[in-house]
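The values are calculated or read from the model by the stated rules, or taken from the named source; none is laboratory data. Predicted model only: the values in this text are computed from it and were never measured. In this analysis, Cβ positions are derived from the backbone assuming ideal geometry, glycine residues included, and neighbour counts consider all displayed protein chains. Surface areas here come from the heavy atoms of the whole protein model, side chains and all, with no ligands, DNA or RNA. Shrake-Rupley method; radii C 1.70, N 1.55, O 1.52, S 1.80 Å.
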Amino acid sequence: MATTTETLAIVSGDDVVRVRQKVRVRATEAGLSLVDQTKLITAASELARNTLDYGKGGHADIMTVNDTARRGVRIVFRDQGPGIPDVALALTDGFTSGNGLGHGLGGARRLVDDFDIQTAVGQGTTVTIARWRK
Amino acid sequence: MDSIPILKIGSALLVTIQVDMHDQLATQLQEDLTTRIVEHHARGVLIDISALEIVDSFIGRMLANIASVSRLLDADTVVVGMRPEVAITLVELGLGLPGVKTALNAERGLALIGGVARDEAAAGDGDDD
Ligand SMILES: Nc1ncnc2c1ncn2[C@@H]1O[C@H](COP(=O)(O)OP(=O)(O)OP(=O)(O)O)[C@@H](O)[C@H]1O
Ligand SMILES: [Mg+2]
């Protein structure tokens, strides 16, 4: 069961910082190890920045998941920007359509336990990630 | 607007990053450092990131940019105090930080920077040239 979802708007660099802070609080509460917290926060930072830079802003829904099977943090990043025409290419390390290093999306996927991306050109992008307590 | 202080130690510059960096601050730091390297004929730049809880590709890019610009101005860049969990995460992110040297602490970082900085640091002080 997902509980207590908190939604943050992402419209500026300061919001990216705020997302990181909120995710840290949730990750600590969920009992993730320091390394796992760091990985989740770093992934969240990458995705929040993509939402800002490419998605023209959007939202992050941060939730603690606590059921009999597992405990952890799930975050949904959603925007109504241009969408991603070629997801496989976007996930490739080194690919950027801006002036980044192109490691954000692929790197974020490696840093979490669950990763899902839904995108449609002209409609937007939703990326869902989760990291579970081991 | 706040900015990140840059200290001079011998012929090196020391920057301690203590806050969660946002865009403007990162850009300003790069500009300030460039100016100061030229102004002080600095041979090295030490960037202490021991307070940083994460380094994402944005900060990684900033560190790599500072290293590239410094190199063009004949100064070495050494990142000091990276936390173990940050190092583990950076590797998984796929950021090797090319051109950026690292050291466990500022003292070792100073030793990594060219002879001049090392000699001056060893002498405790040094602005006699
Ligand atoms: N929310 C989004 N909306 C539209 N396009 C996106 C979105 N997120 C990522 N992309 C596209 O995927 C590409 C790869 O993203 P990724 O985060 O891997 O690299 P980057 O942001 O360009 O650089 P870096 O993250 O290393 O600074 C981006 O350049 C962009 O074209
Ligand atoms: Mg990115």
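Details
- Estimated translational D of region B:6-128 in µm²/s (Stokes, Kirkwood radius over Cα pairs; 37 °C; 0.692 mPa s): 227 µm²/s
- Cross-link partners of B:Lys101 among lysines (Cα-Cα below 28 Å; sequence separation of 8 or more within a chain): A:Lys39, B:Lys8
- Förster-model FRET efficiency, 35 Å R0, B:Leu104 and A:Gln80, C-beta, rounded to 0.05: 0.15
- One way to sum up the overall shape of the protein assembly as shown is the equivalent ellipsoid from its Cα gyration tensor, whose semi-axes run 37, 20, 15 Å, largest first.
- For A:Lys56, the shell of other residues with beta-carbons less than 14 Å away shows a net charge of -1, using +1 for Lys and Arg and -1 for Asp and Glu.
- Using θ = phi - 60° and Karplus 6.51 cos²θ - 1.76 cosθ + 1.60, couplings along region B:86-98 (whole Hz; Gly, Pro as x): 6, 4, 4, 5, 4, 5, 5, 5, x, 9, x, 6, x
- Here the protein assembly as shown is treated with +1 on each Lys and Arg Cβ and -1 on each Asp and Glu Cβ, and its dipole about the Cα centre works out to around 1040 debye.
- Using alpha-carbon coordinates, inclination of helix A:34-53 to the longest axis of chain A, degrees: 30 degrees
- Ranked order, B:Glu107, B:Glu31 - accessible area, probe 1.4 Å, largest first: B:Glu107, B:Glu31
- Note that chain A presents 45 Å² accessible area per residue, ligands and nucleic acids not counted, probe 1.4 Å.
- Taking the 1.4 Å solvent-accessible surface of region B:4-45 as the whole, the part contributed by carbon and sulfur is 54%.
- Cβ-placed point charges (K, R +1; D, E -1), dipole of chain A about Cα centre in debye, nearest 20: 420 debye
- Taking Lys and Arg as +1 and Asp and Glu as -1, the other residues whose beta-carbon sits under 11 Å from that of B:Ala51 total -2.
- Whether region A:2-132 is rounded, prolate or oblate, judged on the alpha carbon gyration tensor where a/c under 1.5 counts as rounded: prolate
- Whole-Hz Karplus values for region A:55-62 come out as x, 6, x, x, 9, 10, 9, 9 Hz, taken residue by residue from phi with 6.51 cos²θ - 1.76 cosθ + 1.60 and θ = phi - 60°; glycine and proline positions read x.
- Computed magnitude of the charge dipole of region B:6-128 (debye, nearest 20; Cβ of K, R +1, Cβ of D, E -1): 300 debye
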